[in-house]
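S.K.: Let me give you the structure first, and then I'll get to my questions.
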Amino acid sequence: MKIDKYKITTLIFLIIISIMCVKTFWNNKNSFAEAFSEGNLIADTNQIYSENVAYSDFFIDLWSESQNVLSAQLLDDAEYGVIIKDSKGFLHFPSNDVNVEKYANNTIEFANKLKDKNIPFVYIQAPNKDLKGYTDEIVSEYNFSNKNATEFLEILNQNNILTFDLRDEIIKDNLERENLFYKTDHHWTTSTAFWAFTKILSLLENTFNFDIPSGDFYKDINNYKTQKISDCYLGSLGRRVGESVAGLDDYLFIEPNFETSYNIYDGLVSLNKPAFSGNFRKSIVKEHILTNTDVTSNKHASYFEWDYGNLIIKNKLVKNDVKILLIKDSYSLPVAAFLSTAIEELHMIDLRDASTINLMDYVDENNLDAVMIMYNTEIFTDTMFNFNSSIIH
(Lines give C-alpha, C1' and ligand atoms only; values in the text may rest on other atoms or scores of the structure.)
Protein backbone atom coordinates (compact mmCIF):
# COMPACT_ATOMS: atom_id res chain seq x y z
CA MET A 1 0.00 0.00 0.00
CA LYS A 2 1.38 3.38 -1.00
CA ILE A 3 1.77 5.83 1.87
CA ASP A 4 0.33 9.29 1.18
CA LYS A 5 2.62 11.59 3.16
CA TYR A 6 0.28 14.56 2.69
CA LYS A 7 -2.74 12.74 4.20
CA ILE A 8 -0.63 11.42 7.06
CA THR A 9 0.75 14.88 7.76
CA THR A 10 -2.78 16.34 7.75
CA LEU A 11 -4.03 13.65 10.14
CA ILE A 12 -1.12 14.22 12.53
CA PHE A 13 -1.78 17.94 12.62
CA LEU A 14 -5.50 17.46 13.23
CA ILE A 15 -4.67 15.28 16.21
CA ILE A 16 -2.13 17.77 17.55
CA ILE A 17 -4.49 20.72 17.11
CA SER A 18 -7.20 18.84 18.98
CA ILE A 19 -4.79 18.16 21.85
CA MET A 20 -3.74 21.82 21.89
CA CYS A 21 -7.35 22.99 22.02
CA VAL A 22 -8.23 20.65 24.88
CA LYS A 23 -5.06 21.53 26.82
CA THR A 24 -5.61 25.26 26.28
CA PHE A 25 -9.18 24.89 27.58
CA TRP A 26 -7.98 22.98 30.64
CA ASN A 27 -5.21 25.50 31.40
CA ASN A 28 -7.68 28.37 31.20
CA LYS A 29 -10.80 26.70 32.65
CA ASN A 30 -11.18 29.35 35.35
CA SER A 31 -11.03 32.12 32.76
CA PHE A 32 -13.65 30.34 30.65
CA ALA A 33 -15.92 29.96 33.69
CA GLU A 34 -15.58 33.64 34.51
CA ALA A 35 -16.26 34.61 30.89
CA PHE A 36 -19.37 32.42 30.85
CA SER A 37 -20.71 33.95 34.05
CA GLU A 38 -20.15 37.47 32.72
CA GLY A 39 -21.66 36.75 29.31
CA ASN A 40 -18.38 37.38 27.44
CA LEU A 41 -17.74 33.81 26.36
CA ILE A 42 -17.22 34.43 22.63
CA ALA A 43 -14.95 37.47 22.98
CA ASP A 44 -12.89 36.00 25.80
CA THR A 45 -12.56 32.65 24.02
CA ASN A 46 -11.09 34.41 20.99
CA GLN A 47 -8.63 36.24 23.23
CA ILE A 48 -7.61 33.11 25.14
CA TYR A 49 -7.02 31.09 21.99
CA SER A 50 -5.02 33.91 20.40
CA GLU A 51 -2.79 34.63 23.40
CA ASN A 52 -2.56 31.53 25.59
CA VAL A 53 -2.46 28.55 23.26
CA ALA A 54 -0.83 25.52 24.84
CA TYR A 55 2.28 24.09 23.18
CA SER A 56 2.41 26.95 20.62
CA ASP A 57 6.21 26.95 20.34
CA PHE A 58 6.22 23.18 19.91
CA PHE A 59 3.55 23.47 17.22
CA ILE A 60 5.54 26.05 15.25
CA ASP A 61 8.63 23.85 15.34
CA LEU A 62 6.64 20.76 14.32
CA TRP A 63 4.93 22.67 11.54
CA SER A 64 8.32 23.82 10.29
CA GLU A 65 9.60 20.26 10.27
CA SER A 66 6.57 19.15 8.27
CA GLN A 67 7.30 21.81 5.65
CA ASN A 68 10.77 20.36 5.26
CA VAL A 69 9.37 16.85 4.85
CA LEU A 70 6.98 18.11 2.20
CA SER A 71 9.72 20.24 0.54
CA ALA A 72 7.34 23.18 0.67
CA GLN A 73 8.42 26.46 -0.94
CA LEU A 74 5.31 28.44 -0.03
CA LEU A 75 4.92 28.54 3.74
CA ASP A 76 1.63 29.78 5.17
CA ASP A 77 1.86 33.01 7.16
CA ALA A 78 -1.00 34.75 8.96
CA GLU A 79 0.25 38.29 8.17
CA TYR A 80 1.86 38.00 4.74
CA GLY A 81 -0.12 35.10 3.31
CA VAL A 82 3.01 33.16 2.44
CA ILE A 83 6.71 33.14 3.19
CA ILE A 84 8.75 31.87 0.23
CA LYS A 85 11.63 29.45 0.56
CA ASP A 86 13.85 29.10 -2.49
CA SER A 87 15.77 25.98 -3.47
CA LYS A 88 18.97 27.37 -1.89
CA GLY A 89 17.28 27.69 1.50
CA PHE A 90 16.78 31.47 1.51
CA LEU A 91 13.52 32.85 2.87
CA HIS A 92 11.69 35.75 1.19
CA PHE A 93 8.76 38.02 1.99
CA PRO A 94 6.15 38.47 -0.73
CA SER A 95 5.47 42.00 -1.97
CA ASN A 96 2.77 43.59 -4.10
CA ASP A 97 2.98 45.08 -7.57
CA VAL A 98 2.98 48.82 -6.85
CA ASN A 99 2.25 51.82 -9.06
CA VAL A 100 5.44 53.76 -8.35
CA GLU A 101 4.67 56.84 -10.45
CA LYS A 102 3.64 59.10 -7.56
CA TYR A 103 6.72 58.08 -5.57
CA ALA A 104 8.94 58.83 -8.54
CA ASN A 105 7.26 62.22 -9.05
CA ASN A 106 7.76 63.15 -5.41
CA THR A 107 11.43 62.18 -5.66
CA ILE A 108 11.91 64.18 -8.85
CA GLU A 109 10.31 67.27 -7.29
CA PHE A 110 12.49 66.93 -4.20
CA ALA A 111 15.64 66.43 -6.29
CA ASN A 112 14.86 69.46 -8.44
CA LYS A 113 14.38 71.63 -5.36
CA LEU A 114 17.83 70.55 -4.22
CA LYS A 115 19.21 71.26 -7.70
CA ASP A 116 17.89 74.83 -7.44
CA LYS A 117 20.05 75.16 -4.31
CA ASN A 118 23.08 73.60 -6.08
CA ILE A 119 23.02 70.62 -3.74
CA PRO A 120 23.94 67.28 -5.38
CA PHE A 121 21.42 64.46 -5.05
CA VAL A 122 21.46 60.74 -5.78
CA TYR A 123 18.94 57.95 -5.30
CA ILE A 124 20.77 54.75 -4.34
CA GLN A 125 18.91 51.52 -4.96
CA ALA A 126 19.77 48.79 -2.50
CA PRO A 127 19.10 45.24 -3.74
CA ASN A 128 16.79 42.64 -2.30
CA LYS A 129 17.30 38.88 -1.99
CA ASP A 130 15.70 38.15 -5.35
CA LEU A 131 19.01 38.25 -7.22
CA LYS A 132 19.08 38.12 -11.00
CA GLY A 133 20.50 34.87 -12.34
CA TYR A 134 20.64 33.26 -8.91
CA THR A 135 17.28 33.17 -7.13
CA ASP A 136 14.45 30.80 -8.12
CA GLU A 137 11.82 32.22 -10.42
CA ILE A 138 9.11 31.31 -7.91
CA VAL A 139 10.25 34.25 -5.77
CA SER A 140 9.51 36.74 -8.56
CA GLU A 141 6.02 35.26 -8.87
CA TYR A 142 5.22 36.46 -5.35
CA ASN A 143 7.66 39.33 -4.84
CA PHE A 144 7.37 42.26 -7.25
CA SER A 145 9.88 44.52 -5.53
CA ASN A 146 12.53 44.27 -8.26
CA LYS A 147 9.93 45.13 -10.89
CA ASN A 148 8.75 48.11 -8.83
CA ALA A 149 12.29 49.38 -8.28
CA THR A 150 13.23 49.05 -11.94
CA GLU A 151 10.15 51.01 -13.06
CA PHE A 152 10.85 53.64 -10.41
CA LEU A 153 14.47 54.13 -11.50
CA GLU A 154 13.45 54.32 -15.15
CA ILE A 155 11.18 57.29 -14.40
CA LEU A 156 13.94 59.03 -12.44
CA ASN A 157 16.50 58.44 -15.20
CA GLN A 158 14.11 59.75 -17.84
CA ASN A 159 13.92 62.96 -15.82
CA ASN A 160 17.71 63.29 -15.47
CA ILE A 161 17.79 62.40 -11.77
CA LEU A 162 21.05 60.73 -10.76
CA THR A 163 20.56 57.12 -9.64
CA PHE A 164 23.00 54.46 -8.49
CA ASP A 165 21.69 50.91 -8.75
CA LEU A 166 23.60 48.54 -6.49
CA ARG A 167 21.87 45.61 -8.18
CA ASP A 168 23.88 46.44 -11.31
CA GLU A 169 27.05 46.87 -9.26
CA ILE A 170 26.64 43.34 -7.87
CA ILE A 171 26.69 42.01 -11.42
CA LYS A 172 29.62 44.24 -12.45
CA ASP A 173 31.69 43.12 -9.46
CA ASN A 174 30.61 39.49 -9.93
CA LEU A 175 29.91 39.11 -6.22
CA GLU A 176 29.21 35.66 -4.80
CA ARG A 177 25.44 35.72 -4.55
CA GLU A 178 25.18 33.20 -1.70
CA ASN A 179 27.01 35.55 0.68
CA LEU A 180 25.04 38.73 0.08
CA PHE A 181 21.99 38.16 2.29
CA TYR A 182 21.03 36.23 5.39
CA LYS A 183 18.98 33.13 4.75
CA THR A 184 16.59 33.88 7.60
CA ASP A 185 16.45 37.68 7.47
CA HIS A 186 15.49 40.22 4.80
CA HIS A 187 18.61 42.39 5.31
CA TRP A 188 21.94 42.14 3.56
CA THR A 189 24.89 40.79 5.51
CA THR A 190 27.41 43.07 7.17
CA SER A 191 30.03 42.20 4.55
CA THR A 192 27.61 43.25 1.78
CA ALA A 193 26.87 46.47 3.66
CA PHE A 194 30.61 47.16 3.84
CA TRP A 195 30.89 46.57 0.09
CA ALA A 196 27.99 49.01 -0.45
CA PHE A 197 29.77 51.58 1.72
CA THR A 198 32.88 51.38 -0.47
CA LYS A 199 30.79 51.92 -3.61
CA ILE A 200 29.02 54.92 -2.06
CA LEU A 201 32.28 56.47 -0.87
CA SER A 202 33.68 56.12 -4.39
CA LEU A 203 30.52 57.79 -5.70
CA LEU A 204 31.09 60.75 -3.39
CA GLU A 205 34.70 61.00 -4.52
CA ASN A 206 34.32 60.44 -8.26
CA THR A 207 30.84 61.72 -9.11
CA PHE A 208 30.36 64.45 -6.51
CA ASN A 209 34.09 65.30 -6.53
CA PHE A 210 34.34 65.48 -2.74
CA ASP A 211 37.86 65.54 -1.40
CA ILE A 212 38.02 62.66 1.07
CA PRO A 213 41.63 62.22 2.19
CA SER A 214 42.62 58.60 2.76
CA GLY A 215 39.47 57.40 0.99
CA ASP A 216 41.19 54.21 -0.13
CA PHE A 217 42.28 53.56 3.46
CA TYR A 218 38.69 53.61 4.72
CA LYS A 219 37.56 51.33 1.90
CA ASP A 220 40.18 48.67 2.69
CA ILE A 221 38.67 45.87 4.79
CA ASN A 222 42.18 45.06 6.03
CA ASN A 223 41.99 48.21 8.15
CA TYR A 224 39.04 46.79 10.08
CA LYS A 225 38.67 44.07 12.68
CA THR A 226 36.22 41.29 11.93
CA GLN A 227 34.58 38.75 14.20
CA LYS A 228 32.51 35.84 12.88
CA ILE A 229 29.85 34.43 15.20
CA SER A 230 28.59 31.10 13.85
CA ASP A 231 24.97 29.88 13.91
CA CYS A 232 23.81 32.75 16.08
CA TYR A 233 21.04 34.53 14.21
CA LEU A 234 17.40 33.70 13.42
CA GLY A 235 16.21 36.68 11.40
CA SER A 236 12.83 38.28 10.81
CA LEU A 237 11.75 35.61 8.31
CA GLY A 238 13.15 32.70 10.28
CA ARG A 239 11.27 33.76 13.38
CA ARG A 240 8.00 33.52 11.45
CA VAL A 241 8.48 29.96 10.21
CA GLY A 242 10.77 28.32 12.75
CA GLU A 243 14.46 27.55 12.97
CA SER A 244 14.19 24.16 11.29
CA VAL A 245 13.05 25.65 7.97
CA ALA A 246 16.25 27.54 7.11
CA GLY A 247 18.55 26.96 10.08
CA LEU A 248 20.57 29.74 11.67
CA ASP A 249 22.72 32.40 10.07
CA ASP A 250 26.28 33.34 10.88
CA TYR A 251 26.96 36.96 11.76
CA LEU A 252 30.09 38.91 10.80
CA PHE A 253 30.88 41.92 12.95
CA ILE A 254 33.10 44.63 11.45
CA GLU A 255 34.65 47.57 13.29
CA PRO A 256 37.54 49.97 12.58
CA ASN A 257 41.04 48.89 13.53
CA PHE A 258 42.07 52.54 13.78
CA GLU A 259 41.40 55.36 16.19
CA THR A 260 37.90 56.87 16.13
CA SER A 261 36.03 59.47 18.17
CA TYR A 262 32.43 60.65 17.79
CA ASN A 263 29.72 62.85 19.13
CA ILE A 264 26.31 61.57 18.05
CA TYR A 265 23.18 63.67 18.52
CA ASP A 266 19.55 62.61 18.47
CA GLY A 267 18.12 65.45 16.42
CA LEU A 268 14.60 64.89 17.71
CA VAL A 269 15.73 65.17 21.34
CA SER A 270 18.65 67.60 21.73
CA LEU A 271 21.26 69.26 19.53
CA ASN A 272 23.13 70.56 22.56
CA LYS A 273 24.04 67.33 24.33
CA PRO A 274 25.31 64.21 22.52
CA ALA A 275 23.16 61.11 22.93
CA PHE A 276 26.31 58.98 22.45
CA SER A 277 30.01 59.80 22.61
CA GLY A 278 33.29 57.96 22.32
CA ASN A 279 34.97 55.68 19.83
CA PHE A 280 33.15 53.59 17.20
CA ARG A 281 32.58 50.66 19.54
CA LYS A 282 31.25 52.80 22.39
CA SER A 283 29.05 55.22 20.46
CA ILE A 284 27.73 53.21 17.50
CA VAL A 285 27.86 49.52 18.46
CA LYS A 286 25.22 48.14 20.82
CA GLU A 287 26.94 45.50 22.92
CA HIS A 288 23.73 44.12 24.41
CA ILE A 289 22.65 43.07 20.91
CA LEU A 290 26.03 41.98 19.59
CA THR A 291 26.77 39.73 22.56
CA ASN A 292 23.23 38.44 23.14
CA THR A 293 23.20 34.65 22.79
CA ASP A 294 19.45 34.54 22.08
CA VAL A 295 19.25 33.64 18.38
CA THR A 296 16.20 35.89 17.95
CA SER A 297 18.20 38.96 18.95
CA ASN A 298 18.33 41.25 15.89
CA LYS A 299 22.04 41.11 15.04
CA HIS A 300 21.55 43.48 12.08
CA ALA A 301 20.81 46.21 14.64
CA SER A 302 24.18 45.78 16.38
CA TYR A 303 24.94 49.13 14.74
CA PHE A 304 22.80 51.95 16.22
CA GLU A 305 20.13 49.52 17.59
CA TRP A 306 17.16 50.96 15.74
CA ASP A 307 16.04 53.43 13.08
CA TYR A 308 16.18 56.81 14.79
CA GLY A 309 14.17 59.54 13.09
CA ASN A 310 17.20 61.84 13.01
CA LEU A 311 20.79 61.12 14.03
CA ILE A 312 23.71 63.47 13.47
CA ILE A 313 27.12 61.78 13.60
CA LYS A 314 30.07 64.11 14.02
CA ASN A 315 33.46 62.48 13.51
CA LYS A 316 35.89 64.42 15.69
CA LEU A 317 39.01 63.01 13.99
CA VAL A 318 38.02 63.65 10.35
CA LYS A 319 38.39 67.19 9.01
CA ASN A 320 37.28 67.07 5.38
CA ASP A 321 34.36 69.51 5.77
CA VAL A 322 31.94 67.06 4.12
CA LYS A 323 28.36 67.08 5.42
CA ILE A 324 25.98 64.52 3.96
CA LEU A 325 22.29 63.81 4.54
CA LEU A 326 21.32 60.17 4.15
CA ILE A 327 17.57 59.50 3.97
CA LYS A 328 17.38 55.86 4.88
CA ASP A 329 15.65 52.66 5.86
CA SER A 330 16.98 49.84 8.03
CA TYR A 331 19.38 48.61 5.32
CA SER A 332 21.49 51.68 6.04
CA LEU A 333 22.33 50.89 9.67
CA PRO A 334 25.68 49.17 9.03
CA VAL A 335 26.36 51.23 5.87
CA ALA A 336 26.01 54.49 7.80
CA ALA A 337 28.24 53.14 10.55
CA PHE A 338 31.05 52.55 8.05
CA LEU A 339 30.38 55.78 6.15
CA SER A 340 30.78 57.72 9.39
CA THR A 341 34.45 56.71 9.55
CA ALA A 342 35.29 58.67 6.39
CA ILE A 343 33.29 61.89 6.47
CA GLU A 344 33.15 64.67 9.02
CA GLU A 345 29.40 64.91 9.50
CA LEU A 346 26.71 62.41 8.56
CA HIS A 347 23.05 63.25 9.05
CA MET A 348 20.55 60.39 8.95
CA ILE A 349 16.79 60.73 8.62
CA ASP A 350 14.28 57.90 8.64
CA LEU A 351 10.91 59.25 7.56
CA ARG A 352 9.03 56.56 9.48
CA ASP A 353 9.92 58.46 12.66
CA ALA A 354 10.60 61.99 11.42
CA SER A 355 7.23 63.33 10.34
CA THR A 356 7.91 66.65 12.05
CA ILE A 357 10.95 67.39 9.86
CA ASN A 358 10.58 69.52 6.74
CA LEU A 359 13.48 68.27 4.65
CA MET A 360 14.08 71.42 2.62
CA ASP A 361 14.21 73.49 5.81
CA TYR A 362 16.54 70.88 7.30
CA VAL A 363 18.88 71.12 4.31
CA ASP A 364 19.02 74.91 4.62
CA GLU A 365 19.53 74.95 8.37
CA ASN A 366 22.38 72.43 8.30
CA ASN A 367 24.28 73.73 5.26
CA LEU A 368 24.51 70.26 3.73
CA ASP A 369 26.84 69.40 0.85
CA ALA A 370 24.82 66.54 -0.66
CA VAL A 371 21.66 64.50 -0.13
CA MET A 372 21.39 60.76 -0.71
CA ILE A 373 18.38 58.49 -0.48
CA MET A 374 19.13 54.80 -0.08
CA TYR A 375 16.15 52.47 0.12
CA ASN A 376 15.69 48.78 -0.48
CA THR A 377 13.29 47.59 -3.16
CA GLU A 378 10.36 46.91 -0.81
CA ILE A 379 9.96 50.39 0.66
CA PHE A 380 7.46 51.99 -1.72
CA THR A 381 5.01 53.57 0.73
CA ASP A 382 3.63 57.08 1.17
CA THR A 383 5.54 57.56 4.42
CA MET A 384 8.96 56.87 2.89
CA PHE A 385 8.40 59.30 0.03
CA ASN A 386 6.82 62.13 1.99
CA PHE A 387 9.79 64.49 1.60
CA ASN A 388 7.57 67.45 2.31
CA SER A 389 3.91 67.20 3.26
CA SER A 390 3.06 69.79 0.60
CA ILE A 391 4.40 67.68 -2.29
CA ILE A 392 2.69 64.35 -1.66
CA HIS A 393 0.05 63.99 -4.41
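S.K.: Of the residues that make up the range 119-128, is at least one touching a residue at least 40 places away in the same chain (Cβ under 8 Å), part of a helix (DSSP H, G or I), open to solvent by less than 80 Å² (accessible area, probe 1.4 Å) and touching a Phe, Trp or Tyr at 6+ places or on another chain (Cβ under 8 Å)?
M.R.: The answer is no, given that none of the residues of the range 119-128 is touching a residue at least 40 places away in the same chain (Cβ under 8 Å), part of a helix (DSSP H, G or I), open to solvent by less than 80 Å² (accessible area, probe 1.4 Å) and touching a Phe, Trp or Tyr at 6+ places or on another chain (Cβ under 8 Å).
S.K.: Check whether at least one residue in the range 382-392 is farther than 20 Å from Phe280 by Cβ, among the aliphatic types (A, V, I, L, M) and within 14 Å of the chain's Cα centre (by Cα), and report yes or no.
M.R.: Within the range 382-392, one or more residues are farther than 20 Å from Phe280 by Cβ, among the aliphatic types (A, V, I, L, M) and within 14 Å of the chain's Cα centre (by Cα).
S.K.: Determine whether the range 148-169 contains at least one residue that is under 19 Å from the mean Cα position of the chain (by Cα), assigned to a loop (DSSP other than H, G, I, E, B) and under 28 Å from Ile343 (Cβ atoms).
M.R.: No: the range 148-169 contains no residue that is under 19 Å from the mean Cα position of the chain (by Cα), assigned to a loop (DSSP other than H, G, I, E, B) and under 28 Å from Ile343 (Cβ atoms).
S.K.: Could you check, for the range 99-112, whether at least one of its residues is assigned to a loop (DSSP other than H, G, I, E, B), under 19 Å from Leu166 (Cβ atoms) and over 21 Å from the mean Cα position of the chain (by Cα)?
M.R.: Scanning the range 99-112 turns up no residue that is assigned to a loop (DSSP other than H, G, I, E, B), under 19 Å from Leu166 (Cβ atoms) and over 21 Å from the mean Cα position of the chain (by Cα).
Each row is one residue, and each column tells you yes or no for (1) farther than 29 Å from Glu154 by Cα; (2) touching a residue at least 24 places away in the same chain (Cβ under 8 Å); (3) not small (Gly, Ala, Ser).
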position: Val322; (1), (2), (3): yes, yes, yes
position: Tyr331; (1), (2), (3): no, yes, yes
position: Ala342; (1), (2), (3): yes, yes, no
position: Phe385; (1), (2), (3): no, yes, yes
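S.K.: Further question on the same structure: Those residues that are open to solvent by less than 30 Å² (accessible area, probe 1.4 Å), in contact with a helix residue (DSSP H, G or I) (Cβ under 9 Å, 6 or more places away or on another chain) and either assigned to a loop (DSSP other than H, G, I, E, B) or at positive phi (or both), I need them from the range 250-297; list them, please.
M.R.: Once the filter is applied, which keeps residues that are open to solvent by less than 30 Å² (accessible area, probe 1.4 Å), in contact with a helix residue (DSSP H, G or I) (Cβ under 9 Å, 6 or more places away or on another chain) and either assigned to a loop (DSSP other than H, G, I, E, B) or at positive phi (or both), the range 250-297 yields Thr260, Ser261, Gly267, Ile284, Lys286, Ser297.
S.K.: Taking the range 172-219 as the region of interest, how many residues are in contact with a strand residue (DSSP E or B) (Cβ under 7 Å, 6 or more places away or on another chain), more than 20 Å from Ala246 (Cβ to Cβ) and open to solvent by 70 Å² or more (accessible area, probe 1.4 Å)?
M.R.: Count: 0.
S.K.: Report yes if Asn298 is of a type outside the set (Ser, Thr, Tyr), farther than 22 Å from Ala196 by Cβ and either in contact with a Ser or Thr (Cβ under 9 Å, 6 or more places away or on another chain) or free of Cβ contacts under 8 Å to residues at least 24 places away in the same chain (or both), otherwise no.
M.R.: no
S.K.: Are any residues in the range 305-340 acidic (Asp, Glu) and under 20 Å from the mean Cα position of the chain (by Cα), and if so, which ones?
M.R.: Scanning the range 305-340 gives Glu305, Asp307, Asp329.
S.K.: Which members of the range 170-190 meet the condition of being aliphatic (A, V, I, L, M) and not in a loop (DSSP other than H, G, I, E, B)? Reasoning before the result, please.
M.R.: To start, the set of residues in the range 170-190 that are aliphatic (A, V, I, L, M) comprises 170-171, 175, 180.
If the condition is that a residue be aliphatic (A, V, I, L, M) and not in a loop (DSSP other than H, G, I, E, B), then Ile170, Ile171 are the ones that fit.
S.K.: So, one more: Please count how many residues of the range 215-256 are closer than 18 Å to Leu201 by Cα and over 21 Å from the mean Cα position of the chain (by Cα).
M.R.: 11
S.K.: Another question about this same structure. Can you say whether Lys147 is closer than 17 Å to Lys85 by Cα, open to solvent by 50 Å² or more (accessible area, probe 1.4 Å) and without any contact (Cβ under 8 Å) to a residue 60 or more places away in the chain, as far as the supplied structure shows?
M.R.: Values: closer than 17 Å to Lys85 by Cα: no; open to solvent by 50 Å² or more (accessible area, probe 1.4 Å): yes; without any contact (Cβ under 8 Å) to a residue 60 or more places away in the chain: yes.
In short, no.
S.K.: Filter the range 321-363 down to residues that are open to solvent by 10 Å² or more (accessible area, probe 1.4 Å) and assigned to a strand (DSSP E or B) and give me whichever is farthest from Asn118 (Cα to Cα).
M.R.: That would be Glu345.
S.K.: Out of the residues in the range 119-147 that are among the aromatic types (Phe, Trp, Tyr) and modelled with pLDDT of 95 or more, state the one that is farthest from the chain's Cα centre (by Cα). Step through it out loud before you land on a result.
M.R.: Of the residues in the range 119-147, the ones among the aromatic types (Phe, Trp, Tyr) are 121, 123, 134, 142, 144.
The next check asks that each one be modelled with pLDDT of 95 or more; those that pass are 121, 123, 142, 144.
Details: Phe121: 22, Tyr123: 17, Tyr142: 19, Phe144: 17 Å.
The extreme case among them is Phe121.
S.K.: For the structure I just gave you, tell me whether Glu259 is within 23 Å of the chain's Cα centre (by Cα) and not hydrophobic (A, V, I, L, M, F, W, C).
M.R.: The answer is no for Glu259.
S.K.: Moving on. Determine whether Pro94 is at pLDDT 95 or above, open to solvent by 20 Å² or more (accessible area, probe 1.4 Å) and more than 27 Å from Phe197 (Cβ to Cβ).
M.R.: Yes; evaluated as a whole, the condition is true for this residue.
The values are calculated or read from the model by the stated rules, or taken from the named source; none is laboratory data. What you are looking at is a predicted structure, and each value in this text was computed from that prediction instead of being measured. Cβ sites come from the backbone with ideal geometry, for glycine too, and all protein chains shown count toward neighbours. Accessible surface is based on the protein model in full, side chains and every heavy atom, while ligands, DNA and RNA are left aside. Shrake-Rupley method; radii C 1.70, N 1.55, O 1.52, S 1.80 Å.
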